[in-house]
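Novice: Starting off with a structure, shown below.
The values are calculated or read from the model by the stated rules, or taken from the named source; none is laboratory data. As the structure is a prediction and not an experimental result, all values here were calculated from the model. Note that each Cβ is placed from the backbone with ideal geometry, even for glycine, and that neighbours are counted across all protein chains shown. Accessible surface areas use protein heavy atoms only, side chains included; no ligands, DNA or RNA. Shrake-Rupley method; radii C 1.70, N 1.55, O 1.52, S 1.80 Å.
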Amino acid sequence: MADKQVSLPAKLLNGGIAGLIGVTCVFPIDLAKTRLQNQQNGSRIYTSMSDCLIKTIRSEGFCGIYRGAAVNLTLVTPEKAIKLAANDFFRHQLSKDGRKLTLVREMLAGCGAGTCQVIVTTPMEMLKIQLQDAGRIEAQRKLIGQHAGGGGGKVNVVQLKSPTALQLSRDLLKDKGIAGLYKGLGATLLRDVPFSIIYFPLFANLNNLGRRNADGSAPFYISFLAGCFAGCTAAVVVNPVDVVKTRLQSLARGCHEDTYSGVKDCISKIIRHEGPSAFLKGSYCRALVIAPLFGIAQVVYFLGVGEFVLSLLPGQKR
């Protein structure tokens, strides 16, 4: 792949546009992933991704599967912009000697990108998880109430009592300061840094396969497939850490669910009470989320949508 010289504003715009498109397409699957990862043995109300989505629509309405999407749509632009632009920046810095990047240098560039993005990712995920999981907790409490009262199997509409993202932000800042929004930062780093170390080098090498365009760039379909495969692979590999991160960042708990004091405590309790297989919860959902998300991101990035948008602005050269 011939590296394109793209201005920083265009890189940021590319990442932002890609993030908005991707999140809009796959957010319901991400909601199912969060709920599947958070439910513990003895308190399960969903058996699979499809079961989760169907029950969510029945109890919360169609908008229920997009609960928390506003947070993602607001913050995904800076998050994806930072991630893609940082990787591009580090790759450029590590290849100043004119030689092709080695695998180790590609991994270092990915490490830098993953480290930079958690500035936005951690508070975004913190707020999103509370909103996504509120329906599961309320549904579980209703189900327990039905069993306790000898109720039938009729589906009831869930009356969500969760606060908005702005209310959550204000409460966390008031009670714990900025650290409240960065709960789970360590687990987020443990997930996103390895993800980027795997994703970016794998994508770059896959993108180099096959035929090239006249300008030396990769064809549309190669970039898309490379982004999907690399994203899917990295997502499944780091899913155990994603489960830990999701559990740590969840402020509300269902009935009889464990609470955790940190990464080590979370890992030990999951192994003891749910077994090692619990670390794979939601892995196929995460793969279905990340694969198209990063496929779309790389296509937008390499098609140069950001450059085109900037060229339409007054005073820009066309």
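Novice: Being closer than 20 Å to Leu303 by Cβ and under 14 Å from the mean Cα position of the chain (by Cα): is that true of Lys33 here? Reasoning before the result, please.
Specialist: Numbers: closer than 20 Å to Leu303 by Cβ: no; under 14 Å from the mean Cα position of the chain (by Cα): yes.
Spelling it out, it is not the case that Lys33 is closer than 20 Å to Leu303 by Cβ and under 14 Å from the mean Cα position of the chain (by Cα).
Novice: Can I ask one more? So Asp265 ticks every box in (1) surrounded by 19 or more Cβ atoms within 10 Å (Cβ to Cβ); (2) without any contact (Cβ under 8 Å) to a residue 40 or more places away in the chain; (3) of a type in the set (Asp, Glu) but one. Which box is left unticked?
Specialist: (1)
Novice: Follow-up. Would you pick out the residues in the stretch 252-262 that are open to solvent by 80 Å² or more (accessible area, probe 1.4 Å) and farther than 19 Å from Met126 by Cα? Show your work before the answer.
Specialist: Of the residues in the stretch 252-262, the ones open to solvent by 80 Å² or more (accessible area, probe 1.4 Å) are 256, 259, 261.
If the condition is that a residue be open to solvent by 80 Å² or more (accessible area, probe 1.4 Å) and farther than 19 Å from Met126 by Cα, then His256 is the only one that fits.
Novice: Just name the residue that is modelled with the highest pLDDT out of those in the stretch 1-10 that are open to solvent by 10 Å² or more (accessible area, probe 1.4 Å) and part of a helix (DSSP H, G or I).
Specialist: Pro9
Novice: Within the stretch 271-285, can you find the residues that are closer than 22 Å to Leu251 by Cβ and assigned to a helix (DSSP H, G or I)? Give the steps one after another, and end with the answer.
Specialist: In the first step, residues of the stretch 271-285 are kept if they are closer than 22 Å to Leu251 by Cβ; the result is 273-274, 278-279, 281-282, 285.
Of everything in the stretch 271-285, those that are closer than 22 Å to Leu251 by Cβ and assigned to a helix (DSSP H, G or I) turn out to be His273, Glu274, Ala278, Phe279, Cys285.
Novice: Another question, if that's okay. Among the residues of the stretch 286-303, is there at least one that is part of a loop (DSSP other than H, G, I, E, B), surrounded by fewer than 19 Cβ atoms within 10 Å (Cβ to Cβ) and at pLDDT below 90?
Specialist: The initial filter retains those residues of the stretch 286-303 that are part of a loop (DSSP other than H, G, I, E, B), namely none.
Checking the stretch 286-303: not a single residue is part of a loop (DSSP other than H, G, I, E, B), surrounded by fewer than 19 Cβ atoms within 10 Å (Cβ to Cβ) and at pLDDT below 90.
Novice: Does Arg191 qualify as being over 15 Å from the mean Cα position of the chain (by Cα) and within 27 Å of Ser43 (Cβ to Cβ)?
Specialist: Working: over 15 Å from the mean Cα position of the chain (by Cα): no; within 27 Å of Ser43 (Cβ to Cβ): yes.
When the stated conditions are applied, Arg191 does not pass them.
Novice: Could I ask something else about it? Somewhere in the stretch 232-247, is a residue open to solvent by 20 Å² or more (accessible area, probe 1.4 Å), more than 18 Å from the chain's Cα centre (by Cα) and either touching a residue at least 24 places away in the same chain (Cβ under 8 Å) or farther than 20 Å from Val26 by Cα (or both)? If you could, list the steps in order and put the result at the bottom.
Specialist: Taking the stretch 232-247 first, the residues open to solvent by 20 Å² or more (accessible area, probe 1.4 Å) are 232-233, 236-237, 240-241.
Subset that is more than 18 Å from the chain's Cα centre (by Cα): none.
Within the stretch 232-247, not a single residue is open to solvent by 20 Å² or more (accessible area, probe 1.4 Å), more than 18 Å from the chain's Cα centre (by Cα) and either touching a residue at least 24 places away in the same chain (Cβ under 8 Å) or farther than 20 Å from Val26 by Cα (or both).
Novice: Quick check: anything in the stretch 198-220 over 23 Å from the mean Cα position of the chain (by Cα) and buried (at least 19 other Cβ atoms within 10 Å of the Cβ)?
Specialist: yes
Novice: Suppose we filter Leu73, Leu101, Leu84 for residues that are part of a helix (DSSP H, G or I), closer than 25 Å to Asn205 by Cα and out of contact with any Asp or Glu (no Cβ under 9 Å at 6 or more places or on another chain); which single one remains? Quick ask: steps written out before the conclusion?
Specialist: Details: Leu73 fails: closer than 25 Å to Asn205 by Cα; Leu101 fails: part of a helix (DSSP H, G or I).
Residue meeting the stated conditions: Leu84.
Novice: Give the residue that is farthest from Phe302 (Cα to Cα), with candidates limited to residues of the stretch 11-30 that are of a type in the set (Gly, Ala, Ser) and either over 11 Å from the mean Cα position of the chain (by Cα) or open to solvent by 30 Å² or more (accessible area, probe 1.4 Å) (or both).
Specialist: Gly16
Novice: With (1) among the β-branched types (Val, Ile, Thr); (2) within 17 Å of the chain's Cα centre (by Cα); (3) modelled with pLDDT of 85 or more as the list, and Ile137 as the residue in question, which single condition is left unmet?
Specialist: Against the list (1) among the β-branched types (Val, Ile, Thr); (2) within 17 Å of the chain's Cα centre (by Cα); (3) modelled with pLDDT of 85 or more, Ile137 comes up short only on (2).
Novice: Take the residues in the stretch 304-317 that are surrounded by fewer than 23 Cβ atoms within 10 Å (Cβ to Cβ) and either among the basic types (Lys, Arg) or part of a helix (DSSP H, G or I) (or both), then tell me which one is farthest from the chain's Cα centre (by Cα).
Specialist: Going through the stretch 304-317, the residues surrounded by fewer than 23 Cβ atoms within 10 Å (Cβ to Cβ) turn out to be 304-305, 307-317.
Keeping just the survivors that are either among the basic types (Lys, Arg) or part of a helix (DSSP H, G or I) (or both) gives 305, 307-311, 317.
On the way: Val305: 22, Glu307: 26, Phe308: 27, Val309: 26, Leu310: 27, Ser311: 30, Lys317: 36 Å.
Result: Lys317.
Novice: How about the stretch 44-85: which of its residues are closer than 19 Å to Ser283 by Cα and touching a Cys at 6+ places or on another chain (Cβ under 6 Å)?
Specialist: Tyr46, Met49
Novice: What tally of residues in the stretch 35-84 results from selecting those that are open to solvent by 40 Å² or more (accessible area, probe 1.4 Å), in contact (Cβ under 8 Å) with a residue 60 or more places away in the chain, under 28 Å from Ala278 (Cβ atoms) and among the small types (Gly, Ala, Ser)?
Specialist: Matching residues across the stretch 35-84 total 1.
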